[in-house]
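Undergrad: Structure provided below as structure tokens; questions to follow.
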Amino acid sequence: MAKEGKDYSKYFDFSGAKIISEDENGRIIRLNGRDIHLVSEPNYRQEKQRGKEQVQVHYENAVPDELKTLGAGKKYLIYTYGCQMNEHDTEVMRGLFDEMGYAQAEDRKEADVILLNTCAVRENAEDKVFGELGHLKTLKTEKPELILGVCGCMSQEASVVNRIMQKYAYVDLIFGTHNIHRLPHLLQEAHFGKEMVVEVWSKEGDIIENLPKKRAEGLRAWVNIMYGCDKFCTYCIVPYTRGKERSRLPEDVIAEVRELARQGYKEITLLGQNVNAYGKDFTDRNYRFGDLMDDIRKIDIPRVRFTTSHPRDFDDHLIEVLARGGNLVEHIHLPVQSGSSEVLKRMSRKYNREQYLELVRKIRAAIPNAVLTTDIIVGFPGETEEQFEETLSLVREVKFASAFTFIYSPREGTPAAEMTDDVPYEVKQRRLLRLNELIAELSLESNRELDGRIVEVLVEGESKTKAGVLSGRTRSNKLIHFEGPKEWIGQFVNVRVTAPQTWYIRAEAVCGETADAAAHAG
Ligand code: 5AD
Ligand code: SF4
């Protein structure tokens with residue numbers, strides 16, 4: 001039995017299954033008539049561990065020569081759920097598919113391989129994936145040679161893998177977040193073998209460099225700076241699905257950013273579950289997130305963003321570096337989760353309301369035009385009406401420009417899932433609604449501050465809804481719509497704000513004028 005009184009090993013107690021063979025490459029079992037090759041399965045206890053071993057950095061040759069033609073004449077499709085980390089993992093997998101000679105399918109009907117890159121952070125994200133798997137059953141029945149795979153955070157959950165093995169036996173491949181680089185080998189096995197292949201590593205995690213990446217567009221790029229999370233907020237499954245905090249070496253990150261600058265990218269977003277814990281794991285150097293930002297500041301790339309930061313690790317040096325501006329934009333996403341110190345304590349966020357507000361004050365003093373956004377959870381176990389109202393008052397005090405807001409969703413295996421989930425669902429929904437109304441009000445207010453001002457927009461594309469209208473973002477990540485020729489896509493254009501709305505801002509292009517210094521926050 002696990003210490004928490006829960007027996008997670010039950011998920012892999014397939015006493016009803018017949019063991020066909022067993023060797024150093026794992027077991028082959030037969031379950032409900034389906035053969036399954038269990039190379040390695042998720043293990044909750046291992047995922048929770050944080051040992052002292054040094055992180056290994058592997059410089060892989062991701063696709064061996066003999067697999068470079070595996071995909072000749074074949075097409076793949078990846079559906080991505082969840083956060084930017086997943087989006088970026090998909091770019092890595094697309095890079096691997098590319099190197100194996102696969103083409104990207106336009107439509108699921110022409111795909112030979114379909115992967116679902118999944119998210120486990122809330123139950124509704126998981127429901128979507130199971131729904132999609134249900135839809136794909138028809139396609140798989142019509143086209144048995146189609147390889148259907150599940151990867152990403154849900155694959156790291158023993159209960160999910162168990163459910164797929166039991167109820168979605170037409171899936172061919174399950175692999176986790178730590179063994180993406182094994183995709184070529186796993187595809188080879190899936191194409192040529194008959195068994196469902198399950199290879200999910202539960203180790204704390206190494207770092208694999210040199211993996212190819214096929215980025216979506218030539219304008220903005222994500223760059224991983226670290227993986228995993230050691231914060232163990234009590235509601236969150238990420239520390240289990242993504243392993244321990246481990247930072248890429250600065251020289252590898254900087255080389256990647258330089259290369260992106262050389263290729264003409266205009267904006268990069270540094271990615272990590274908790275970016276300002278960057279460098280804490282280095283044993284041979286004292287180099288933290290502030291140092292990395294200071295080095296990246298000197299690279300000729302117009303805009304640098306980062307996500308997501310944890311208030312606890314947001315140190316003075318980082319603030320000082322961000323205040324230097326230049327390509328470091330004035331937008332800071334700083335998840336608060338709750339405005340009640342009591343709730344924050346139960347969430348194990350490691351800061352209280354006052355400390356968060358103090359950090360905001362420090363940021364605003366150093367960077368007066370900083371635009372702050374956040375993440376908030378409502379309906380955490382035991383959240384009283386008063387505690388929820390403390391969240392509303394904090395939101396009002398900080399004046400967030402926007403926020404991602406969520407209803408608490410219990411995640412099996414996390415400490416919060418053991419707490420009594422005592423806020424009725426209707427109450428949670430009402431709280432979310434009230435919070436969202438407040439955020440909308442503040443968003444409009446923050447957009448209106450830019451009325452009449454000139455701001456710099458990186459033009460990303462045409463508006464999806466209106467022909468001839470371009471859409472782009474300001475440094476502070478505000479969405480701008482304005483009229484202009486398609487040739488401006490990919491360029492920086494100065495615009496004058498004419499009509500701020502709640503979730504976007506209408507503007508008109510101005511020629512020959514520079515962006516309003518006071519509106520740099522735009
Ligand atoms: N329930 C609801 N929201 C969650 N988040 C993380 N775990 C949960 C959960 N169990 C939210 C947090 C986090 C964001 C990415 O997702 O707000 O910052
Ligand atoms: Fe989850 Fe907390 Fe880590 Fe963010 S900091 S990934 S919320 S455990």
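Undergrad: Residues that are under 20 Å from the mean Cα position of the chain (by Cα), within 24 Å of R297 (Cα to Cα), within 16 Å of ligand 2 (Cβ to nearest atom) and small (G, A, S): does the range 197-213 have at least one?
TA: So far as the range 197-213 goes, no, none of its residues is under 20 Å from the mean Cα position of the chain (by Cα), within 24 Å of R297 (Cα to Cα), within 16 Å of ligand 2 (Cβ to nearest atom) and small (G, A, S).
Undergrad: If you don't mind, there's one more thing I want to ask. Quick one: count up the residues across the range 38-62 that are closer than 20 Å to P239 by Cα and in contact (Cβ under 8 Å) with a residue 12 or more places away in the chain.
TA: So the answer is 17.
Undergrad: List pairs: first residue in the range 252-264 and in contact (Cβ under 8 Å) with a residue 24 or more places away in the chain and charged (D, E, K, R), second residue in a helix (DSSP H, G or I) and surrounded by fewer than 18 Cβ atoms within 10 Å (Cβ to Cβ) anywhere in the structure, Cβ distance under 6 angstrom, at least six positions apart or on different chains.
TA: The qualifying pairs do not exist here.
Undergrad: Being among the polar types (S, T, N, Q) and within 16 Å of ligand 1 (Cβ to nearest atom) is the filter; apply it to the range 238-278 and report the residue that is modelled with the highest pLDDT.
TA: Step one: filter the range 238-278 for residues among the polar types (S, T, N, Q), giving 241, 247, 263, 269, 273-274, 276.
Now narrow it down to the ones that are within 16 Å of ligand 1 (Cβ to nearest atom): 241, 269, 273-274, 276.
Details: T241: 94, T269: 97, Q273: 94, N274: 92, N276: 90.
Step by step, filter the range 238-278, then rank; the result is T269.
Undergrad: Considering only the range 239-293, how many residues are part of a helix (DSSP H, G or I) and more than 16 Å from ligand 2 (Cβ to nearest atom)?
TA: Residues meeting the conditions: 17.
Undergrad: Look at the range 37-62 and say how many of its residues are within 24 Å of F192 (Cα to Cα) and not in a loop (DSSP other than H, G, I, E, B).
TA: Final tally of qualifying residues: 4.
Undergrad: What's the total number of residues in the range 269-310 that are of a type in the set (S, T, Y) and free of Cβ contacts under 8 Å to residues at least 60 places away in the same chain?
TA: Number of matching residues: 3.
Undergrad: Just give me the residues in the range 123-138 being of a type in the set (K, R) and farther than 25 Å from G413 by Cα, in sequence order.
TA: Result: K137, single match.
Undergrad: Quick check on my filter: what residues within the range 222-237 are of a type in the set (A, V, I, L, M, F, W, C), open to solvent by less than 20 Å² (accessible area, probe 1.4 Å) and more than 9 Å from ligand 1 (Cβ to nearest atom)? Lay out the reasoning, then the answer.
TA: Step one: list which residues in the range 222-237 are of a type in the set (A, V, I, L, M, F, W, C), which gives 222-223, 225-226, 229, 232-233, 236-237.
Add one more test, that the residue is open to solvent by less than 20 Å² (accessible area, probe 1.4 Å), and what stays is 223, 225-226, 229, 233, 237.
Matches in the range 222-237: V223, I225, M226, C229.
Undergrad: Another question, if that's okay. Within the range 88-124, count every residue that is within 16 Å of ligand 2 (Cβ to nearest atom) and out of contact with any helix residue (DSSP H, G or I) (no Cβ under 8 Å at 6 or more places or on another chain).
TA: Residues that pass the stated criteria total 3.
Undergrad: Would you mind finding the one in T502, T514 that is surrounded by fewer than 18 Cβ atoms within 10 Å (Cβ to Cβ), part of a loop (DSSP other than H, G, I, E, B) and modelled with pLDDT of 95 or more?
TA: Matching residue, one of T502, T514: T502.
Undergrad: Right, something else. So if I check each of D89, D35, D98, which one is in contact with an Asp or Glu (Cβ under 6 Å, 6 or more places away or on another chain) and in contact (Cβ under 8 Å) with a residue 12 or more places away in the chain?
TA: Going through D89, D35, D98 in turn, just one is in contact with an Asp or Glu (Cβ under 6 Å, 6 or more places away or on another chain) and in contact (Cβ under 8 Å) with a residue 12 or more places away in the chain: D35.
Undergrad: As an exercise: evaluate T307 against (1) crowded, with 18+ Cβ neighbours inside 10 Å; (2) of a type in the set (S, T, N, Q); (3) within 19 Å of L442 (Cβ to Cβ) and give the number of the one condition it does not meet.
TA: (3)
The values are calculated or read from the model by the stated rules, or taken from the named source; none is laboratory data. Remember, it's a predicted structure, so these values are computed and weren't measured experimentally. With ideal geometry, Cβ positions are generated from the backbone for all residues, glycine too; neighbour counts draw on all protein chains shown. Areas reflect the complete protein model, heavy atoms only, side chains present, ligands, DNA and RNA absent. Shrake-Rupley method; radii C 1.70, N 1.55, O 1.52, S 1.80 Å.
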